[in-house]
Each structure stands twice: as structure tokens, then as C-alpha cells.
1. Starting from segment 80-95, keep only residues that are more than 14 Å from Arg156 (Cβ to Cβ) and touching a residue at least 12 places away in the same chain (Cβ under 8 Å), then list their pairs with residues that are surrounded by fewer than 15 Cβ atoms within 10 Å (Cβ to Cβ) and of a type in the set (D, E, K, R) whose Cβ atoms are within a distance under 7 Å, requiring at least 6 positions of separation or different chains.
2. Quick check on segment 51-64. Is at least one of its residues charged (D, E, K, R), within 20 Å of Lys99 (Cβ to Cβ), touching a Lys or Arg at 6+ places or on another chain (Cβ under 9 Å) and modelled with pLDDT under 95?
3. Name the single residue, out of those in segment 93-133 being under 18 Å from the mean Cα position of the chain (by Cα) and outside any strand (DSSP E or B), that is surrounded by the fewest Cβ atoms within 10 Å (Cβ to Cβ).
4. Among the residues of segment 44-63, are any under 23 Å from the mean Cα position of the chain (by Cα), within 15 Å of Leu111 (Cβ to Cβ) and polar (S, T, N, Q)?
5. Just a yes or no: is a residue in segment 157-176 within 17 Å of Leu103 (Cβ to Cβ), among the small types (Gly, Ala, Ser) and part of a strand (DSSP E or B)?
6. Confirm whether Tyr52 is of a type in the set (Phe, Trp, Tyr) and closer than 30 Å to Asn158 by Cα.
7. So in segment 40-76, with the set limited to residues that are of a type in the set (Ser, Thr, Tyr) and touching a residue at least 40 places away in the same chain (Cβ under 8 Å), which one is surrounded by the fewest Cβ atoms within 10 Å (Cβ to Cβ)?
8. Give the residue, chosen from Leu176, Leu247, Leu161, that is in contact (Cβ under 8 Å) with a residue 24 or more places away in the chain, surrounded by 15 or more Cβ atoms within 10 Å (Cβ to Cβ) and closer than 30 Å to Tyr81 by Cα.
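The values are calculated or read from the model by the stated rules, or taken from the named source; none is laboratory data. These figures come from a predicted structure and were not determined experimentally. With ideal geometry, Cβ positions are generated from the backbone for all residues, glycine too; neighbour counts draw on all protein chains shown.
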Amino acid sequence: MLSSEQPLSALDSYYLGSMQAGRINIINTAAGSGVKLAGSLRGSDNISVKAYDIRAESQISNASTQHDSNENYQNYRGGIYINDRSTNQKLTRTELAGKNISLLADNNNHLTATDIRGDEIKLQGASLTLDGQQLKQTQGQTNDRWFYSSQYDVTRENEQLQQIGSTITATKNATLTARVQDVKLLGATVAAGDALKIEARRDVQIAGLVERDKTSERGYQRNHTSSLRTGNWSNGNETESLKASDLHAGGELDLTAGNNLVTQGAKVHTKGNLTVTPKNGSTSTYKRPSIRKRLATIQPHGAGSAAAIIKTTATAARSATPPN
């Protein structure tokens, strides 16, 4: 058991290194203090973390390369300069693996690119956020050549932005709760073998994260080739893709919001019923055989109204229970 009574301080598991034990308890509940989780925590029994704030994030390592070609030379008649370069970011994920896992924060519970695996998983805070870590990779080449009156210079740059999301895997049940504010799932995957329950006092936001791939080329030529081409050029291309949030439940899947429940770039899979409950709207239950459902936007239309807007990819049998 690790504990602290000092306010405005954080207990950082990074300095403990990887931890493996039967049961792991980490406690730091003084107001204004918290627990930072990093590295690997593995328990053959339960893992319990209780703190004012809980912050889990993975470690980024950076590497770079530079290489000048053996062809490079320069004299009074001409020259060649070729340079290849790259930067690379790698992520060492924070991992928690055990039997029953509970991360309980009195204030903020924020997990970034964190992997949690167990039988029963409970995540709770005044606010709860599961998001991702962006990794950036770049590759570049400069190829400049001149010989007497001719010249050809070109520089190419490539950049990839990748999102590594948080992953929660419960063989039995998973419960995610924000007691005061919002639950935010951004590029996160949450899977439960049995029931999955997500509940917020205010909003539930389930959204994806944007990944980008960008290429560019710029150059200058003078008296190039037999056509004596001369001039500058520049072109580029950028594509975006979405790393969606993904919810899986082997049994019931319940989404409950005190205010709005909004999804953008999210997928929901359930073998049981999907129950959606926004504030002041009706409780909508989508029953089998609608196994896979994609949610668009869900928000209340006012007290006593017809609940929420929901879009699904399959026709579902629906029962609606009006609010009290």
C-alpha cells in the first residue's frame, strides 16, 4: 500500500518501475494531491487505486536519423548534395492487469493511451476522460544537383500523425462513471464480456480522434533536361482518417447522461440490449437482433418529449419508457 497525506503532491508510479504482486493498493486521497500511473502494474489478485486525482499516461521516446549520401561532392564544375532524415516517436504504454481493477478519483480521472485488463473493471471520478496519445513520424529527403549552367533541386517531406487510444478490456463487467461532470471517450476502446455501463451526471461524449498523413514536394530547376526547363514548383497532399471510439458488450450496454449524450465517430457493438437514457427524455431500449449499432447524435428534446435522436445501421425492435 502506498499512501500520502501531503496536499498538492502526486505519487508517481513511474519511479517505482514495473510492479508485480498479488494485490496492489495505491492510495493518495489528500485534497489537491493525486496519483500518476505509468509503466506496468500487474496483480494476480485485485488492483485498487484511490486518489483525489488520477492521471495515467504512457511514455514517449524520440529518435532521429540523418544520413548524407556517399555521392555528395562539390567542385568548380558542379556538385551533388543528398540528405535523408527521419524522426520517430515510440510509445511505451501504461498497463494495468489484474483480477478486479478499480480506479476511483474524488476529482479528475484521466487516462491517456492506457491499457487496462481484468475481470471486473470500475473507473470513477467527478469527471472521467479516456483519450489517446498522438505520435508523429517524419521522413525527408533533399536531392540537389548542379552542373555548369544546369540545376535541379528537390526536397520531399512526409509526415504521419497516429493516435494511440486507451483500451479497457473486462472479461466480465465494466463500469465507467462521472459523479459530477462528464464522461469523455476519445478514440477509446471499451469491451466487456458481460455488461457495460457508462454513466455521467452531465454529458457523455463518445468521439473519435483524427489521424493525418501529409506529403509535400518543393523544388527549383534551371536549364534542366534537353527542354531546358526552368522554374519553381511546390505540391502537397494531405489525407485524414478517423480512429473511432469502439464499445463492445457481450451482454447489456447502458448509456446514461444527466444532460446530453453525443457521439461523433463512434461504433457500438452489443449482443444484448442497448439502453440509452439522456436527461428529460425517455429511456430507449434497442433489442436483439440488432447486434451492431452506430450512434450519431443523442440529446434530449425537452421534458416529456420523445427522448433522443439515434441512428442505427440495423433495424432494431424498440421499446420506449417515458420519463417520470
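1. Short answer, once both residue conditions are applied: Ile80/Glu71; Gln89/Lys136.
2. No: zero hits.
3. Result: Arg93.
4. yes
5. Yes, the conditions are met somewhere in segment 157-176.
6. Judged against the criteria, Tyr52 is not a match.
7. Checking each candidate, the answer is Ser44.
8. Of Leu176, Leu247, Leu161, the one residue that is in contact (Cβ under 8 Å) with a residue 24 or more places away in the chain, surrounded by 15 or more Cβ atoms within 10 Å (Cβ to Cβ) and closer than 30 Å to Tyr81 by Cα is Leu161.
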